[in-house]
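Asker: Attaching a single structure in structure tokens format; questions to follow.
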Amino acid sequence: MACHKVAAASFQLLSLVSFLLFLNPYSSIFLEASTIFANSNTVDDERSNAASIEEERKALLEFKQGLQDPLLELHSWVGKDCCNLHGIICNNQTGNIIDLRLQDAQISGTLSINSFSGPLPISIGNLLHLGYLDLSSNSISGPLPISIGNLLHLGYLDLSSNSISGPLPISIGNLLHLGYLDLSSNSVSGPLPISIGNLLHLEYLDLSLNSVSGPLPISIGNLSNLQNLNLFSNSISGSLPTLIGNLSNLQNLKLFSNSISGPLPKSIGGLSHLQTLFLSLNSISGPLPTSIGILSHLQTLSLSSNSISGPCHFQHQLEIFQICRPRTFPITQSQELRLAGSAISGPLPTWIGNLPCLRWLELSNNSKMNGTIPESIGQLRELKNLFLHGCSWEGFISENHFQNTSRLDSFYLSSEAFNSLVFNVSHDWIPIFNLTSLQIIDCKLMDTAFPVYNTDWFWRFSPFLDGVVLSHNQLRGNLPKSVSSPLQNVILKNNSQVGSLPLWPNVKQLSLASNRFSGPIPLNIGHEMSKLVFLDLSRNYFSGNIPRDWTGSLDLKIIDFSNNKLSGEIPSSMCSQLPSLKWLRLSNSNLSGNLESSLQTCRNLSALDLTGNNFSGTIPDCIGDNLHTLSYLLLGANKFTGNIPHQLCDLSSLQVLDLSQNNISSSIPACLGGLKQMTTGDGGLLGNSWVMNLRISLSLYGPMHIDLNVKGVEYEYIDNILGLIKKFDLSSNNLWGEIPEEVKNLMALGSLNLSHNHLTGKIPEGIGSLHELEALDLSSNHLWGLIPSSMTSMTSLSKLNLSFNNFSGPIPSANQFPTFDPTSFEGNSGLCGPPLPTQCSSASHNDLAPKVEEDEEDKYGKLWFYASTALGFIVGFWVIFGSLVIKRSWRHAYFQFLDNMKQALLLLLEVTRLSRSLRAWKMVD
């Protein structure tokens, strides 16, 4: 920096000398001085440039030392010539480093050096001539250093797909030449700095997939050259600033999956070059502004999952889609209208057919959209994807709705109004399109269209059909043994189809749940359907044993055979042959046997549901030892005996534990109060990446589900809700002992059921810390004492049952306690106060239960004392008396002993009398 100051001062002095020479051309002294300073400046520039290059070399070495380089990408970074190093490009004239490119090099480290006094500028901030910096797709962590603002020549900055955290530094606004900024897929947090509005040359800004929060700064309206703004999947809140309309060069605006609220500003019409407007998954409300209608270049409008309201009368706003783009446009630039999951109401207007350039029309999950679907939709000749499911349609769907849709590829249709929509096409109709994905749910399919004797009509529907969902219809008949289309996803739940299970070799996802299929599950299913990932055969009439050979289905992750008529054991080789198995549901299927051998090789399960079978023996320790990823363990309604294994306490992911309705005899392990998912609630199934990846890769139409009894009612929970359920059920066993005090740690618990056991003692006072608890059942035990007043802080509690115990004293009167049903407290003769009719007296406030317990204990203690004394007397009498009879000398000593004992007893009685007198005096005092 000192060299730069010297050079600047020399330049200023040289300019002054030249000016003076101009004023007095005859002065030779000025000419001589000018020459001297010119030569001096050249020397200084050379020295300054050499110093700058040396400083850059040192900066690179320091940067290298702070990184881990497993691929040895930086192995060549030695010597003094930086321009020949890997990833480095230099200026040909000055030799300064201008490019640093180390993308996808697997390097790790931070961009800040920590010291005792705080973070120091990293050496990379000393590469002052750097114009291009790409460190994307590595493992760089820590905050973006303030020294990044030193790179005044930087025009390109890509740090995407790293682990950079913390807020953007204000110094980012110093990069006045920056045209490209990509920090996507990091952990950047906090609001965007106002200084970002200084980046007037910025054309590309991507901070997607971070944790950016707060509203967008008003200064973002200064970025007049911006063409791409990607801030999706953050936590941005507030409304869109009005000045966003100043971004007249913006082509792509992607802000989906945030918390943006309020209406769309009218100024959005100023985005005259906008092609893509992606604002789905926010909280935007109100109608569409009419100014959208002037965005003549708009090709994609996505506002799904917002609160866009009003009737579907957007004709003026959507007239822009009447302008057909050349078919040479890439598919990503196709015209798309996505308004799914909003608050749009009313019928779909007939003018929708006037938008013939649409390739994607998505109006799904608008339950207030009703009426008939207009036949004009068949005029959308460019349409490839049509999603109309989750609305309240009525009337008929016929061939006329598809008359010009020759390009149709995906078609989804369902109606929330049960049996009000009829899919009625003739049996000999030959569609003009070739679908790859078909979903028709909750429609009344006419027998003329889908006759019982010819249900394989579906499989001839399209030779390219990849996925088909025909759930909740009235389909009957048998499935074909084979299909010619490359089917991968088949969901036919909730119909009336019969016959045996077909074996389709290409299918990855198969759900035939809730039908009338019967017969055995084919023994060779593991080989014939080797691509299976998801298999749901629940709620049918399948019989026989579970197949033992699954060696061909290495990718199978989910099996649900629940509610069938199976028999036998779980094959001991099942888990070892299915290394990817995550979800095993076999409830209510008449299975039996001992689990020790069946589960010995299971290590990757996240859900195990064996409820309602005839399994016996003890709960195997291997569940806790091996299944470290288990989130759901349901073993209720079986014949298990023995203890609750302490190994279950090691299941850190467990969030539902159901051991109810067995014959378990033990105390409740105190360590169960440390189950992480029930104490903190972090993660859960929703946080498991395998579930998210599975849903994305398969587009799961048939989600995983489990039946749980919560608040006394049986519910079916699917995977997107299951992550919110935290349940602990040990009811209807032979448990004894007290409720562990550690139960207070289960602060994320939503349901706790310990009823119908032999538990004793009091309710732990700390139970009031369970603020998330909605259902608590401790009925039919031997609990006693007062109901803890701390329970009134459990404001989420809506289902409470303390009946048939030995509780006493007043029922807490705060919050919702007086509103509970009186049956919640019946069978406790010592309780009083609302909602019971028994009034409380002043004596009721005393906890009598401990006294009763102490009296009971004292009674048994005295009984034992008398019995042991009598026994000791008998034994001692015959030992001593026998001896006295035998030996005379002993008799004299014995009588002397009795005399001494008499004197000792008299003295003891006197001490006792004085002690009682003293205690009575203290009480009077």
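Asker: Which numbered condition trips up residue 510, out of (1) at pLDDT below 95; (2) assigned to a loop (DSSP other than H, G, I, E, B); (3) crowded, with 20+ Cβ neighbours inside 10 Å?
Answerer: Just one mismatch for residue 510, condition (2).
Asker: Restricted to the stretch 488-503, and to residues that are surrounded by 21 or more Cβ atoms within 10 Å (Cβ to Cβ) and without any contact (Cβ under 8 Å) to a residue 40 or more places away in the chain, which residue is nearest to residue 409 (Cα to Cα)?
Answerer: Of everything passing the filter in the stretch 488-503, 490 is nearest to residue 409 (Cα to Cα).
Asker: Next question, about the same structure. Return the residues of the stretch 293-325 that are out of contact with any strand residue (DSSP E or B) (no Cβ under 7 Å at 6 or more places or on another chain), in a helix (DSSP H, G or I) and not polar (S, T, N, Q); say none if nothing qualifies.
Answerer: 293, 294, 319, 320
Asker: From the list 633, 672, 648, 654, pick out the single residue that is in contact with a Leu (Cβ under 9 Å, 6 or more places away or on another chain), modelled with pLDDT under 95 and part of a strand (DSSP E or B).
Answerer: 633
Asker: Okay, next question. Those residues that are among the hydrophobic types (A, V, I, L, M, F, W, C) and in contact with a Pro (Cβ under 9 Å, 6 or more places away or on another chain), I need them from the stretch 121-177; list them, please.
Answerer: Across the stretch 121-177, the qualifying residues are 122, 124, 144, 146, 148, 164, 168, 170, 172.
Asker: Out of the residues in the stretch 254-292 that are among the hydroxyl-bearing types (Ser, Thr, Tyr) and assigned to a strand (DSSP E or B), state the one that is surrounded by the most Cβ atoms within 10 Å (Cβ to Cβ).
Answerer: Here the answer is 276.
Asker: Before we move on, is residue 368 out of contact with any helix residue (DSSP H, G or I) (no Cβ under 7 Å at 6 or more places or on another chain), among the basic types (Lys, Arg) and over 25 Å from residue 322 (Cβ atoms)?
Answerer: In short, yes.
Asker: Looking only at the stretch 418-434, filter to residues that are among the aliphatic types (A, V, I, L, M) and in contact with a Phe, Trp or Tyr (Cβ under 8 Å, 6 or more places away or on another chain); which one of those is farthest from residue 374 (Cα to Cα)?
Answerer: 432
Asker: It is to be established whether one or more residues within the stretch 583-601 are surrounded by fewer than 17 Cβ atoms within 10 Å (Cβ to Cβ) and within 23 Å of residue 533 (Cβ to Cβ).
Answerer: Checked the stretch 583-601: at least one residue is surrounded by fewer than 17 Cβ atoms within 10 Å (Cβ to Cβ) and within 23 Å of residue 533 (Cβ to Cβ).
Asker: Would you say residue 260 is under 15 Å from residue 308 (Cα atoms) and at pLDDT 95 or above?
Answerer: yes
Asker: Looking only at the stretch 756-776, how many residues end up being in a loop (DSSP other than H, G, I, E, B) and crowded, with 22+ Cβ neighbours inside 10 Å? So that I can check it myself, show each step before the final result.
Answerer: Just the residues of the stretch 756-776 that are in a loop (DSSP other than H, G, I, E, B), to begin with: 756-757, 762-764, 770-774.
Still in the running and crowded, with 22+ Cβ neighbours inside 10 Å: 757, 763, 770, 773.
Total meeting the criteria: 4.
Asker: I'd like to verify a number: residues in the stretch 551-575 that are closer than 13 Å to residue 526 by Cβ and out of contact with any strand residue (DSSP E or B) (no Cβ under 9 Å at 6 or more places or on another chain), how many?
Answerer: Within the stretch 551-575, residues that are closer than 13 Å to residue 526 by Cβ and out of contact with any strand residue (DSSP E or B) (no Cβ under 9 Å at 6 or more places or on another chain) number 6.
Asker: What is the number of the single condition among (1) more than 18 Å from residue 159 (Cβ to Cβ); (2) touching a Phe, Trp or Tyr at 6+ places or on another chain (Cβ under 8 Å) that residue 223 does not meet?
Answerer: Only one criterion is unmet by residue 223, namely (2).
The values are calculated or read from the model by the stated rules, or taken from the named source; none is laboratory data. It should be emphasised that the depicted structure is a prediction, and the values quoted were computed from it without experimental measurement. Cβ coordinates were reconstructed from backbone atoms using ideal geometry, including for glycine residues, and neighbour counts include every protein chain displayed.
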